[in-house]
Amino acid sequence: MPPTAVSTAPTQPRHKPRCNPQLPTVPAPTLNRGQPDTERRSPLERARPLPSRRRILQGTALAAVPYALLPEWQAGAHIPGPDYPLAEWKPASTANYTVANRPTTHPVDRVIIHVTQTTYPNTLFLFGRPKKKVSAHYVVRSTDGHTSQCVREADIAWHAGDWAHNTRSIGIEHEGWVDQPGYFTDVMYEASARLTAAICTRHGIPKDRTHIIGHHEVPGTDHTDPGPHWDWTRYLRLVNAV
Ligand SMILES: [Zn+2]
């Protein structure tokens, strides 16, 4: 289904810093992205009590997607396990991503950087819940850079909120909040940079800001992560130093 089938009309107010556990826009004709879908969305962070302001900032919402409408070619063709040897395999629910056979089916030429707006364990928990309809390929922990892989790189994780960008990208979530730079630790930057460097090498992706982008740079998104405190200069330097 062509990207033109995807509406870029925001379903929520812009400039709310929250990560994108947002579901990918799905190229299904029955999905009307222009309609309010509050009832079909749920915040990424619900299980953990948080200060009210933070809760407001989060506001992460996910659109439920008629997954049954998606093609599921190559189903069963994958061997479970991480593509990145340093990652722990913590698979997302199979209801939270699209099975594919990238790069054969879809060229991969972007890495998209996210911030979770919730904790590391809660992110993994939510990716494992079928009804959440959200996932990313990787999640990096703030305190020690520990990395989990939740979706195989051959498959299409639902993280960008835009089908065209989901199909062409690898999504990396970083534990933290966009307004709390303390979560962006040295060890997390370094671990993430090693991961991104490995992804770029594996897929032949240039290690630059054209190809390593923030969620906020996905056309049509209303997400702001990784936010103003993410040090892109440092991150790109680390990626290229690996
Ligand atoms: Zn995001």
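Laboratory data are not the source of any read-out in this text; all were calculated from the coordinates shown. What you see is a predicted model; the values in this text were computed from it and never measured. Cβ coordinates were reconstructed from backbone atoms using ideal geometry, including for glycine residues, and neighbour counts include every protein chain displayed.
Some values worked out for this structure:
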| item | result |
| --- | --- |
| Added length on full extension, which subtracts the Cα-Cα distance from 0.36 nm per residue, Leu236 to Glu217 | 5.2 nm |
| Per-residue Cβ neighbour rank within 10 angstrom, fewest leading, Leu236, Leu195, Leu124 | Leu236, Leu124, Leu195 |
| Under 10 Å, Cβ to Cβ, from Pro82 - net charge with Lys/Arg +1 and Asp/Glu -1 | -1 |
| For Ser93, distant residues with modelled amide H under 5 Å away | Gly128, Arg129 |
| Cβ-based exposure ranking for Cys200, Cys150, in which fewest neighbours within 10 Å come first | Cys200, Cys150 |
